[in-house]
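No value in this document is a laboratory result; all are computed from the given coordinates. The model shown is predicted, which means the values in this text are computed figures rather than measured ones. Cβ placement follows ideal geometry from the backbone for every residue including glycine, while neighbour counts extend to all protein chains displayed.
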Amino acid sequence: MPQVLLLDADTVPIVSLASTTSALLSQEVYLTDRVDNPARERMAHLKCLCFLRPSHESLSALEAELARPRYGSYYLFFTNILKRSAIERLAEADEHEVVREVQVRVETLVVAEPAGVLRGLRAVDAVALFAEPAADTAVLARAIPVRD
């Protein structure tokens, strides 16, 4: 089934770093947009995957989305845990019962960049990034220079 991927200001860089457009297309993700974009069209035949940081702004935008759903079903993935009150607000907003799944995904990302330049390093063999649960931000863990 064709899919839409909705992101927020914090998850756009994560997806941009971890995936390519062709990789998303191979998974049938044909449209990527921001959850806070009010200009999106209604496409009830599409399944919507939401990958969001559970911030006040993102949750508010998601509540508005669920109150007036533009897609047929929603699968919610968050980068950190949600407070009980946030889950309750989302459940109340989902009057049309379009949410099919809710998950928390705290992931470790490893990005290989064999000939890149990163913050003054001549070349980088590997850059390890990890999601720091407390701050919910991507943090540079280490950079290993290529040995000549």
Item checked: About the Cα centre, charge dipole magnitude for region 3-104 (Lys/Arg +1, Asp/Glu -1 at Cβ), debye -> 120
Checklist line | Sites MET1 and GLU57 - FRET efficiency at Förster radius 30 Å, r taken between beta-carbons, to 0.05 | finding: 0.55
Check: How much space per residue, in cubic angstrom, does the convex hull of the C-alpha atoms of region 3-104 take up?
Finding: 91
Margin query: If packing is taken as the average count of other Cβ atoms within 10 Å, what order do 31-39, 44-52 fall into, highest mean first?
Written below: 44-52, 31-39
Notebook entry, point to check: What is the fewest-to-most order of VAL99, VAL104 by other Cβ atoms lying within 10 Å of their Cβ?
Noted result: VAL104, VAL99
Margin query: Sort HIS56, HIS96 by Cβ crowding within 10 Å, fewest neighbours at the top.
Written below: HIS56, HIS96
Check: Using r as the Cβ-Cβ distance of LYS83 and ARG105, and R0 as 22 Å, what FRET efficiency do you calculate, to the nearest 0.05?
Finding: 0.80
Note to self: Amide H of ARG34 versus every other amide H placed in the peptide plane: which residues, excluding those fewer than 5 positions away on the same chain, fall under 5 Å?
What the structure shows: LEU7
Next item on the list: Just rank MET1, MET43, fewest to most, by other beta-carbon atoms within 10 angstrom.
Entry: MET1, MET43
